[in-house]
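Just so it is clear, none of the values below were taken in a lab; they were calculated from the coordinates. Please read all numbers here as calculations on a predicted model, not as lab measurements. Please note: Cβ atoms are built from the backbone with ideal geometry, for glycine as well, and neighbour counts cover all protein chains shown.
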Amino acid sequence: MKKISDLFSSDFEHICPRWLCFTFDNVFRKLIHNPYKILHPYIRKGNTVLDIGPGIGYFTIPMAKMVGDKGRVIAVDIQQEMLSAIRKKAKRAGVLPRIVFQLASSDSLGVKVKADFILAFWMVHEVPDKKRFFSQVYSLLKKSGRFLVAEPKIHLNKKEFMRMLNYARKAGFSVEKSPDIFLSRSVLFFKKEK
């Protein structure tokens, strides 16, 4: 096991374990990261939405409510344990039919459909091959779609965040704006025509 201090080091690349997810999915977090306030401007009823690295569904469940009966949320994670936890929460929330569960591999998201909106919240710093990641995400976004990336300031300093933005630009993304999200470095991308 790594030292506790390693969890807060900006150069510690890891995959967030299931046992730590309670810190990201609780009533107190809604005070600083209200999913509806953060995502409402980008999601419409009937949309297809990707939640990449959703943890145990903090954003997934609210997004499933936002897209309505005709929309879909695709929860993509490399840990089956996370997807199983989301499935249980979605069933309790009555939105299970709106969610598709996609187990990704270390080199592929495994998604085949195009999305209106894609969210990667506090997870890109865990991706070992960011160039491949942004290229895959670019291929999955519809022309009119948006891609929101938020990274925790504690894991990613400004220089590292700018390096990440360069990978996204090289994949074909353009920056639309930088939404103000508490404790985060964030950017909203759109798909630049190549």
Could you please rank Lys130, Lys177, placing first whichever residue has the fewest other Cβ atoms within 10 Å of its Cβ?
Lys177, Lys130
Length added when fully stretched, Lys30-Asp129, from 0.36 nm per residue minus Cα-Cα:
32.6 nm
Sort Val113, Val127 by Cβ crowding within 10 Å, fewest neighbours at the top.
Val113, Val127
For a test of the definition: using alpha carbon positions, the gyration tensor, and the 1.5 limit on a/c, classify segment 85-194 as rounded, prolate or oblate.
prolate
I need Arg169, Arg146, Arg92 ordered by Cβ neighbour count within 10 Å, fewest first.
Arg92, Arg169, Arg146
Considering only the other residues whose Cβ falls under 9 Å of the Cβ of Leu188, what net charge follows from Lys and Arg at +1 and Asp and Glu at -1?
+1
At the level of C-alpha centres, the distance separating segment 163-180 and segment 120-147, in angstrom, is 10 Å
Non-local residues with an amide H under 5 Å from the amide H of Thr48, with H modelled 1.01 Å from N and Pro and chain starts lacking one, are Arg72, Asp116, Phe117
